[in-house]
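Scroll down for the structure; my scribbles are underneath it.
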Amino acid sequence: MAALAAGTGLGMVGDAPDVLASRTPLVAGLLIGGAVLTAAALVLLTGGVVAVLTARSGWLPLPARMAARDAARNRSRTVPAVAAILAAATLASAVMVLAASQFESARQTHPWSARENQAALPLAETGPLLADGSVAPVRVIDPAAVTGALEGALGTVEWTRVLASPVAQNCNMRAGATGSSRPDDGNCLEYKLAVPAGNECPATQQGLVLNAGDSRCQGSMLPLGISGQIPQLIVGGAAELEALLGRKPGRDALEALAGGGMVVSNPVFVKDGQTVLQAYDLRRPVTGPNNRADFEVVSDHSLPAVVESPEVPVPYYGVISADAASRLGIHVEPAALLIQLFGYPSAAELDKASAALAGIYGTQPAALHVEAGADRDSSSVLWLLVGLSALITLSAAGITAGLALADARSDHMTLAGVGAPPRLRKSMAGAQSLMTAGLGTLMGLIAGVVPAVLVTAATRTLAAPVVPWLQLLALLVAVPLSGGALALSLIHI
């Protein structure tokens, strides 16, 4: 217990990720060592626990009372049997808690590229590099051709929507007459939203997030401006908003678009009803905060903003109208085709779709990457772990039950000699195995769940510890009942 307490204390004290990361090996070692010592301590306490239970078994039926007294009288065979089941149950319950915590963490931190069963394909294909060092003009893909190819290949296309956005063109660097580098002519501006003062995600000097649960570190385009297949700035109206949000936009959002404002996906980019749209030049790389690669901001515009967050953190900054984009001098072209499917396609369907797209996209073949969503199979995996854990624990229970019954054969012969009916002897054998398996499983769950929760919380490697109570209860019930039934089947009278 001292090792568990020390490891938990070291892991929970302080908030600096850099310091906590340096402590992780020590914390994990203390907690794992404490878990092993806790299991060993419970094994040593088994004899005393059996004695306490025996003293309070007077209300039980006769077979159970006899089994309890026999277990207390013959601790040399009871303790090893309980220890074997305890070890298996400890490992099983710890694995289930860690797996459940991992699934929940993956669900919370899933990097959404679009809404579930959506995909986005580019409609602006970058041209090849020419002999003089310039880039060929961007080739625009026909969205109707892409839609037709997908509908012919899949048959599960619900709708498609063209998303317009700024499209960078011809932004490579080439040597000038003097040998120095100069930018080529072209549209080399991309856009992002500035984070207002006070809305920044708290981070260390090394760029590590202090608290992943902070609302300023969550939502669309966070953390660290993560982007996906969808354009970061979308030019459109109500139809585009509905496709991105998964619901009809509110009146305030539509009024903001009509008034030249912006509908923002994440409240972290808005302060006092305003958001700042920044243009950065892809030809001017700079070093940003925390030594991150970035580009020089060449202009910014303050716009009235309304927040409409999508159902899931789809990675885009927001939507503005075509009139607002024109007023701001933003060069807009069809950038992507957003595709909504009725369900997630099979591997064969994805291959068929990719083959159909190969005839449309030339130098840069496009593959269809459909957003699958988070934690699609976590529940089934947990129940699979329950089955495997029960099998392992039952194997230990079966072996120990067989050995215990073999060791108790003389006791059963004595019972037969004094006239005990066969049914009583079988019931006593079943009760012995039921008590042994039940005690071992219960103590194993305690020895496995508590350290696993502490490891998850103290090392902070996952979002939060999650205890799968239903699966653990199933294990606690299934193993003793199956062990008792197994013992009954082993007795031949």
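One table, with the values for the structure above:
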| quantity | calculated |
| --- | --- |
| Which listed residue, of 312, 297, 319, is aliphatic (A, V, I, L, M), in a strand (DSSP E or B) and open to solvent by 10 Å² or more (accessible area, probe 1.4 Å) | 297 |
| Members of the range 265-294 found to be closer than 14 Å to residue 199 by Cβ, among the small types (Gly, Ala, Ser) and either in a strand (DSSP E or B) or at pLDDT below 90 (or both), listed by number | none |
| Listing of strands (runs of 3 or more DSSP E) fully contained in the range 155-263 that carry 1 or more residues being at pLDDT 85 or above, of a type in the set (S, T, N, Q) and surrounded by 15 or more Cβ atoms within 10 Å (Cβ to Cβ) | 157-166 |
| Within the range 317-330, considering residues that are out of contact with any strand residue (DSSP E or B) (no Cβ under 6 Å at 6 or more places or on another chain) and touching a residue at least 12 places away in the same chain (Cβ under 8 Å), the one nearest to residue 235 (Cα to Cα) | 321 |
| Hey, residue 356 at pLDDT 80 or above, more than 30 Å from residue 95 (Cβ to Cβ) and either of a type outside the set (S, T, N, Q) or in contact with a Phe, Trp or Tyr (Cβ under 8 Å, 6 or more places away or on another chain) (or both) or not | yes |
| Selected residue (only one of 363, 393 is at pLDDT below 80 and either closer than 27 Å to residue 244 by Cα or not in a helix (DSSP H, G or I) (or both)) | 363 |
| Single unsatisfied condition, residue 344 versus (1) in a helix (DSSP H, G or I); (2) surrounded by fewer than 18 Cβ atoms within 10 Å (Cβ to Cβ) | (1) |
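The values are calculated or read from the model by the stated rules, or taken from the named source; none is laboratory data. In this text, all values refer to a predicted model and were calculated from it rather than measured experimentally. Cβ atoms come from the backbone with ideal geometry, glycine included; neighbour counts cover every protein chain shown. The area values use the complete protein model at the heavy-atom level, side chains included, leaving out ligands, DNA and RNA. Shrake-Rupley method; radii C 1.70, N 1.55, O 1.52, S 1.80 Å.
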